[in-house]
Amino acid sequence: MRQEQSLDRRVLVIGAGMVGVSCALALQKKGYQVTVIDRLEPGEACSHGNAGVIATSSCVPLIMPGTLRKAPGWLLRRDGPLAMDWRYLPRMAGWLYRASGFTKPSDLKRISSALHALHSRAVEDHMEQARDAACADILDRTRYLHVYETAKGFEGDRAAWDLRRELGWEVAVIDGHDIPDAEPALAPIFAKGVLLEGHAVARNPGRLVKALAQDFVARQGRLYRAEVREIQPGSDGRVAVKTSGETLEAGHLVLAAGAWSAELSHSLGHRFPLVSERGYHVMFEEPEVSLRQPVMFADGKFVANTMEEGLRLAGTAEFAAIERPVSAARVDVIRKAARRFLPKLNGERTHEWMGARPSLPDTLPVIGRSHLHSGVYFAFGHGHTGLTASATTAKIIAALVAGGTLPLDIHAFRPERFPATS
Ligand SMILES: Cc1cc2nc3c(=O)[nH]c(=O)nc-3n(C[C@H](O)[C@H](O)[C@H](O)COP(=O)(O)OP(=O)(O)OC[C@H]3O[C@@H](n4cnc5c(N)ncnc54)[C@H](O)[C@@H]3O)c2cc1C
């Protein structure tokens, strides 16, 4: 009896990225004994090298009607914002087919309202989480500037800006000649800009995950470094996780393994159409320019941000298997953009990085309890905004496991929107 009770107070979290570590901390605060399992040190996968923007306004679907029109042209251009490894096409075909089915006006509204609800409290949830872990120095509140090289480019995104306006965003459009006042480091080549309040940045997203993980361990949490081989659900709601080391057992399991989550959920009977959308960064270590706020170069979909270790230019979407080698062409696209957009940037000392965003075809993450196994919870698929949504996702997961009040309506994120095999 005592053993059963103690198992019910135990939670296993698979994945020590930004999402998994945030979930572990939130569960620990509810009094659970939590073990986080990862084959890597905390924050070494996709959460390491992102652009660091707590992008509350990034609430529109990845695939807008205009995106589908532009995609073939982007794919044909070596320096376009989109690339695809054709060996990945069998995996992508179903994803693309589903994604193209979410571009009706009613879907665009439903998806952006759900993302808006998830992101609208992100800055406050991050600040609270980082304050509790004594690492709030990594975060700064900021505005977010988007710039376009042509008025046509801006017009092409009008539907996305209209969706944000409908959700209550104040979209301040600025003319090209006023952009240097907002961001003096930019080349004078931009025709339109949009400035949005109410964002924040993590000046070092990898260090943020590590600092949160350190706080988790200091509060008696266990970090277990091993490869998860299989999840074995029990008939009584308990879950066992077979790893390259021990087999661990608990009353609850949270799957937060980023782009690897779909494969790990197969043994549970789930089939999630999750793909790896790889992105890159180039870090300019002695940049000699700094930015007042993060800047989204909207035509090419790159973000530049001043970080603790220099100036980071991050972006591009490359659909390819996670384990494929880094593409030199993608890195080149970012380097060229940096030279063009930030003419005074010193490019002498740089390093590069690639990470796999976990992307689902409707741009919405999966956050919720498995409808097949009561002790299993999902927290993955956050695509371009996993840093942004992590602290709020953690609050949702903790409320689901502990049975408290949910911070927001989570219907849109339910796992059962994707049919399972059993
Ligand atoms: C270029 C780029 C820029 C980005 N910019 C931003 C941004 O500005 N703002 C924003 O909000 N988001 C941004 N993102 C997205 C964001 O980085 C991701 O959504 C987020 O990091 C996902 O976090 P995660 O914890 O789900 O996954 P991850 O950080 O990938 O963590 C998953 C963990 O699971 C572990 N794991 C997987 N399988 C196993 C296994 N079998 N056994 C053991 N461990 C396992 C992995 O080792 C890994 O540590 C960006 C992404 C990229 C690529």
Output for region 178-251: GluC sites (Glu not before Pro) sitting in coil per DSSP, at most 15 other Cβ within 10 Å, listed by number, reads Glu227, Glu246
Region 156-293, dipole about Cα centre (Lys/Arg Cβ +1, Asp/Glu Cβ -1), debye to the nearest 20: 660
In region 294-398, the GluC sites (Glu not before Pro) that sit in a DSSP loop and have at most 11 other Cβ atoms within 10 Å of their own Cβ are Glu323, Glu348
Leaving ligands, DNA and RNA out of it, rank Lys242, Lys344 by accessible area with a 1.4 Å probe, largest first. Lys344, Lys242
Between the helical axis of 386-402 and the dominant principal axis of the chain, each derived from Cα atoms, what acute angle in degrees is found, rounded to the nearest 10? 20
In what order, largest first, do Cys46, Cys59 sit by accessible area if the probe radius is 1.4 Å? Cys46, Cys59
For the chain, longest principal axis from Cα atoms; helix 105-119 axis from its Cα atoms; angle between them, nearest 10 degrees, is 70
Region 1-60 versus region 138-192: alpha-carbon centroid distance in Å: 34
What distance in nm separates the simple spin-label points at Ala329 and Leu68, each placed 7 Å from Cα in the Cβ direction? 2.5
With a 1.4 Å probe and all protein chains kept in place, how much accessible area does Ile14 have, in Å² rounded to the nearest 10? 10
Please give the net charge around Glu308, taking every other residue with its beta carbon less than 14 angstrom from that of Glu308, where Lys and Arg add +1 and Asp and Glu add -1. -1
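Assigning unit charges at the beta carbon (Lys, Arg +1; Asp, Glu -1) and nothing else, what dipole magnitude in debye, to the nearest 20, does the chain show about its Cα centre? Write out the running numbers ahead of the final one.
Numbers: 52 positive and 47 negative charges, 166 e Å.
Computed about the Cα centre, the dipole is about 800 debye.
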Using the Karplus curve 6.51 cos²θ - 1.76 cosθ + 1.60 with θ = phi - 60°, what ³J(HN,Hα) values do you get for each residue of region 339-351, in whole Hz, with x for Gly and Pro? 5, 6, 8, 10, x, 8, 5, 8, x, 6, 10, 9, 9
Over all alpha-carbon pairs of region 188-290, lay out the pair-distance distribution in 5 Å bins, whole %, shortest bin first. 2, 8, 11, 14, 16, 15, 11, 8, 6, 5, 3, 1, 0
Expected vector for region 89-97, Karplus 3J(HN,Hα) from phi with 6.51, -1.76, 1.60 and θ = phi - 60°, integer Hz, x for Gly and Pro, equals 4, x, 6, 7, 4, x, 5, 5, 4
Across Arg271, Arg131, Arg330, the residue with the highest GNM fluctuation in the chain (Cα network, 10 Å cutoff) is Arg131
Whole Å is fine, so just give me how far the alpha carbon centre of region 326-392 lies from that of region 214-229. 23
Would you mind giving the average projected area, over all directions, of the Cα convex hull of the chain in nm² with one decimal? 19.2
Using a 1.4 angstrom probe and counting only protein chains, how large is the accessible area of Phe297 in Å², to 10? 0
Can you give me the long-range amide H partners of Ser370? Hydrogens built in the peptide plane at 1.01 Å from N, cutoff under 5 Å, separation of 5 or more residues or another chain. Val376, Tyr377, Phe378
Helix 122-132 vs. the chain, principal-axis angle (Cα, 0 to 90°, nearest 10): 60
Relative to a virtual label point 7 Å from the Cα of Glu197 in the Cα→beta-carbon direction, which members of region 262-299 show backbone nitrogen distances below 20 Å? 292-296
Accessible area of His351, 1.4 Å probe, to the nearest 10 Å²? 80
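Determine, for each peptide in 408-418, 201-211, 24-34, 100-110, the mean count of other beta carbons within 10 angstrom over its residues, then list the peptides with the highest first. List each step's numbers first, then the result.
On the way: 408-418: 16.9, 201-211: 23.3, 24-34: 20.8, 100-110: 14.2.
The packing order, highest mean first, is 201-211, 24-34, 408-418, 100-110.
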Pull up all non-local amide H partners of Glu277: gap of 5 or more, or a different chain, and H-to-H distance under 5 Å with H placed in the peptide plane. Arg357, Ser359
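Using 0.36 nm per residue of separation minus the Cα-Cα distance, give me the extension gain between Tyr97 and Asp79 in nm, one decimal. Can you show the working numbers first?
On the way: separation 18, 0.36 × 18 = 6.48 nm, distance 2.49 nm.
So the chain would gain 4.0 nm between Tyr97 and Asp79.
The values are calculated or read from the model by the stated rules, or taken from the named source; none is laboratory data. Predicted model, so just to flag it, every value in this text is computed and none were measured. A quick note on method: Cβ atoms are made from the backbone with ideal geometry, for glycine too, and the neighbour counts reach across all protein chains shown. Areas reflect the complete protein model, heavy atoms only, side chains present, ligands, DNA and RNA absent. Shrake-Rupley method; radii C 1.70, N 1.55, O 1.52, S 1.80 Å.
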